[in-house]
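The values are calculated or read from the model by the stated rules, or taken from the named source; none is laboratory data. No experiment lies behind these values; they were computed from the predicted model shown. We place every Cβ from the backbone using ideal geometry, glycine too, and count neighbours over all the protein chains shown. These area figures cover heavy atoms from the full protein model, side chains too; ligands, DNA and RNA do not enter into them. Shrake-Rupley method; radii C 1.70, N 1.55, O 1.52, S 1.80 Å.
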Amino acid sequence: MSTSKPPDSSRPAAWHITPMNPAEAPWPLLLLADPSREKVKRYLPGSTCYAARQTAQFTPSGLGALIGVCVLQPPQPERDSWELMNMAVSPSWQRSGIGSALLHHAIGELRKRGIKQLDVGTGSFGDQLLFYQRLGFRVSSIERDFFLRNYTTPLWERGVQLKDMLRLTLAL
Ligand SMILES: CC(C)(COP(=O)(O)OP(=O)(O)OC[C@H]1O[C@@H](n2cnc3c(N)ncnc32)[C@H](O)[C@@H]1OP(=O)(O)O)[C@@H](O)C(=O)NCCC(=O)NCCS
């Protein structure tokens, strides 16, 4: 299990990472990364998921409130590698290392299972691209007009409409 570093070893870590049942994934987090509820409903049930949970705030399940999710889809008939389908951290917890730790944990689990490659598609050529590159992902292709063809409502990032999808690959 990965955890944040406690500032004082006598106190519990602020968050920790666990496997997650796909049915438990919270919609507000999933929709942060993928605004198409229809698409999420299609890939979520068969996916392998990990969660970041707030250690200090225990829920009735005893596992802690969910503050980050990572959703990985196994190979499909049309694609022979694993794909990172959704990755999101609650806005108030972003930029404190949780996203990197979640993905790092997921990558470690795939490696243990002998999986050789992980793909991800992103419409962002900015912050998210940097986030994935820091973890070792390399650009493998560009799908022009992907977001125009596959989403019914236009998607925007800081005033720029997302049109093309950048496909990134990590050799495991
Ligand atoms: C992308 C995301 C999962 C990263 O999680 P995180 O916990 O914030 O990431 P980390 O703290 O581990 O890493 C932060 C780094 O990622 C990059 N980054 C990611 N999102 C960023 C943002 N919105 N603003 C600035 N930098 C961002 C930066 O390089 C940042 O490094 P820095 O803080 O040194 O500048 C999170 O920002 C998020 O949930 N975003 C909204 C949903 C989303 O876009 N998901 C990805 C879909 S492709």
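Highest mean packing first, where packing is the average number of other Cβ atoms within 10 Å per residue, the peptides 15-23, 34-42 line up as 15-23, 34-42. For the chain, the residue among ILE107, ALA25, CYS49 whose Cα projects farthest onto the positive side of the dipole built from Cβ charges is ILE107. Just the protein heavy atoms count here, and of the accessible area of the chain at 1.4 Å, carbon and sulfur take up 52 percent. When each of the peptides 150-162, 87-99, 43-55 is scored by the mean number of other C-beta atoms lying within 10 Å of its residues, the order from highest to lowest reads 43-55, 87-99, 150-162. Protein heavy-atom accessible surface, 1.4 Å probe, per residue over the chain: 57 Å². Between helix 98-112 and the chain there is an angle of about 80 degrees, using the helix long axis and the longest principal axis of the Cα atoms.
With a 10 Å radius around each residue's Cβ, average the other Cβ atoms per peptide and rank 122-130, 78-86, highest first. Don't jump to the answer; show the numbers that get you there.
Details: 122-130: 15.3, 78-86: 17.0.
Put in order of decreasing packing, that is 78-86, 122-130.
Taking the Cα centre of the chain as origin and charging only Cβ (+1 Lys, Arg; -1 Asp, Glu), how large is the dipole, in debye to the nearest 20?
For this selection, approximately 220 debye.
Under Stokes-Einstein, with the Kirkwood radius over Cα pairs standing in for Rh, what whole-number D in µm²/s applies to the chain at 20 °C and 1.002 mPa s? The calculation lands on 127 µm²/s.
Can you compute the helix-only [θ] at 222 nm over the chain? Use -39500 (n - 2.57) per DSSP H run of at least 4 residues, normalise by all residues, nearest 500 deg cm²/dmol. Walk me through the intermediate numbers first.
Details: 5 runs with 42 residues, N = 172.
Theoretical 222 nm ellipticity from helices: -6500 deg cm²/dmol.
Here the simple spin-label model places points 7 Å from the Cα toward Cβ, and for GLU143 and ARG42 these points are separated by 0.9 nm.
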